[in-house]
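K.L.:
Here it is: the structure, laid out below.
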Amino acid sequence: MTKTVVITGASSGIGANAAGRLAAEGWEVAVVGRNPERTRKVAADIGGTPFLADFDRLSDVRALAQRLLERYERIDVLANNAGGLINKRGLSADGFERTIQHNHLAPFLLTNLLMPKLVASNARVIGTASLANTFGNLRIDDLQWKKRAWLGGWQAYGTSKIATILFTQSLAARRLDAYSFHPGFVATGFGADSGLMKFGRFVSGGTMGISAEQGATPLVHLATVETVDAANGTYFDGLKPDGKTHKSVHTPGIAEALWTASALLVGLKP
């Protein structure tokens with residue numbers, strides 16, 4: 001039986017690499033991206049199906065979920081890979097801070113809208129997190145980052161990756177097979193507008209970071225291995241379980257508080 005994987009952020013970088021590798025192994029791949037040309041090209045190159053959605057608009061997420069539910073009888077793996085660093089603070093089309101929407105609220109909504117099919121398919125959910133979570137600080141009272149300095153968006157980005165890790169744990173607590181991972185520092189277009197990233201690429205001669213193939217390896221591994229050799233909900237650093245996390249990840253009740261706050265923001269029942 002052919003397995004189906006949905007990969008968001010699949011029009012470039014580790015998402016595109018993982019999509020190609022899974023397609024080569026015989027998977028049906030839903031290539032989800034924001035850029036029409038790149039998304040369609042990746043899908044055409046690997047024999048997948050393109051789905052366009054801009055996570056800056058939750059209406060796009062809802063429409064994406066509906067198209068996926070109509071298109072596929074089952075979804076074996078959902079890889080919530082889309083997101084990134086935003087250099088200047090701004091608001092999404094929905095009025096939310098863009099980092100938390102792109103990296104957490106949008107995948108939270110998508111996963112919940114697909115939940116009945118994911119459960120029926122005994123699916124696995126994989127979240128692309130980051131070691132950057134260690135310099136984040138999740139505050140339920142300031143998910144929109146109104147009370148703290150922006151500082152190039154790095155702490156907000158790290159905080160959104162704490163949310164990714166906690167969301168994974170919450171899915172596991174709800175008995176869905178779910179894992180998150182840090183891909184490593186990948187030499188892609190990540191943080192292209194960040195002054196710090198531009199400086200790093202300049203001093204390294206453009207060679208800073210590992211390849212997209214290396215960064216995609218944990219995603220491919222978690223998607224394809226029959227049994228993950230770690231507890232459900234585990235955050236991996238590459239292929240190693242129990243990656244380093246910020247202390248706020250371990251705050252009692254924080255995962256459920258984040259779930260409730262996120263559900264209310266995106267219009268779902270907590």
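K.L.:
Using helices alone, I'd like the mean residue ellipticity at 222 nm for the chain: each DSSP H run of four-plus residues gives -39500 (n - 2.57), total over residue count, nearest 500.
P.N.:
Per the formula, -12500 deg cm²/dmol.
K.L.:
Build a GNM of the chain with springs between Cα atoms under 10 Å: which of LEU166, LEU239, LEU143 gets the top mean-square fluctuation?
P.N.:
Sorting by GNM fluctuation, first place goes to LEU239.
K.L.:
Identify all aspartates and glutamates with a Cα-Cα distance to LYS117 below 18 Å; exclude those on the same chain that are fewer than 8 residues away in sequence.
P.N.:
Within the straight-line cut-off, LYS117 pairs with GLU28, GLU70, GLU73, ASP76, ASP177.
K.L.:
Per-residue HN-Hα couplings for segment 109-122, Karplus 6.51 cos²θ - 1.76 cosθ + 1.60 at θ = phi - 60°, whole Hz, x for Gly and Pro?
P.N.:
5, 4, 4, 5, 5, 8, 3, x, 6, 4, 5, 5, 8, 6
K.L.:
In addition: Which order do the peptides 244-251, 172-179, 213-220 take when ranked by the mean count of other beta-carbon atoms within 10 Å per residue, highest first?
P.N.:
Going from most to least packed, we get 213-220, 172-179, 244-251.
K.L.:
Could you compute the net charge surrounding SER121? Neighbours are other residues with a C-beta less than 13 Å from the C-beta of SER121; K and R count +1, D and E count -1.
P.N.:
Around SER121, the charge tally is 0.
K.L.:
So how much slack lies between ILE140 and VAL225, counting 0.36 nm per residue of separation and subtracting their Cα-Cα distance, in nm?
P.N.:
27.2 nm
K.L.:
Under the rule of at least 5 residues apart or a separate chain, name every residue whose amide H is placed under 5 Å from the amide H of ARG124.
P.N.:
Counting only residues 5 or more places away or on other chains, the set is VAL77, LEU78.
K.L.:
Something else: Under 1.5 on a/c is rounded, so check that first for the chain, then, if it is not, pick prolate when a/b is larger than b/c and oblate when it is not; a ≥ b ≥ c are the square roots of the alpha carbon gyration tensor eigenvalues.
P.N.:
Cα axes put the chain in the rounded bin.
K.L.:
Let me ask another. May I ask for the net charge around GLY95, where only other residues with Cβ less than 14 Å from the Cβ of GLY95 are counted and Lys, Arg are +1 while Asp, Glu are -1? Numbers along the way, then the final one.
P.N.:
Numbers: positive: ARG57, ARG89, ARG98, LYS146; negative: ASP56, ASP94, GLU97.
That works out to +1.
K.L.:
Could you give the length gained on full extension between ALA120 and ARG67, defined as 0.36 nm per residue of separation minus the Cα-Cα distance, in nm?
P.N.:
Stretched fully, the ALA120-ARG67 segment lengthens by 17.3 nm.
K.L.:
Which whole-Hz couplings ³J(HN,Hα) result when phi for each residue of segment 56-70 is put into the Karplus expression 6.51 cos²θ - 1.76 cosθ + 1.60, θ = phi - 60°, listed in order with x for Gly and Pro?
P.N.:
Ordered by residue, 3J(HN,Hα) equals 6, 10, 5, 5, 5, 5, 5, 5, 4, 4, 5, 5, 5, 5, 6 Hz.
K.L.:
Moving to a separate point now. Aspartates and glutamates within cross-link reach of LYS88: Cα-Cα under 19 Å, excluding same-chain residues under 8 positions apart?
P.N.:
Straight-distance partners of LYS88: ASP54, ASP56, GLU97, ASP142, ASP193.
K.L.:
How large is ³J(HN,Hα) for each residue in segment 87-96, as worked out from phi by the Karplus curve 6.51 cos²θ - 1.76 cosθ + 1.60 (θ = phi - 60°), to whole Hz, x for Gly and Pro?
P.N.:
After applying 6.51 cos²θ - 1.76 cosθ + 1.60, I find 5, 10, 4, x, 10, 6, 4, 8, x, 9 Hz.
K.L.:
Pick from HIS102, HIS221, HIS182 the residue whose mean-square fluctuation is largest in a GNM of the chain, springs joining Cα atoms under 10 Å.
P.N.:
HIS221
K.L.:
Need one number: % antiparallel among DSSP beta bridges in the chain, to the nearest 5.
P.N.:
Values: 3 of 27 bridges.
Approximately 10 percent, going by the DSSP bridge assignments.
K.L.:
To continue, here is another question. Using label points projected 7 Å from each Cα along Cα→Cβ, tell me how many nm separate SER248 and ASN35, to one decimal.
P.N.:
3.1
K.L.:
Tally Lys and Arg at +1 and Asp and Glu at -1 over the other residues with C-beta under 12 Å from the C-beta of THR227: what net charge comes out?
P.N.:
Net local charge, THR227 excluded: -2.
Every number here is computed from the coordinates shown, using simple stated rules; none is lab data. Just so it is clear, the model here is predicted, and its values are computed rather than measured. Here the Cβ is made from the backbone with ideal geometry for all residues, glycine too, and neighbour counts use every protein chain on show.
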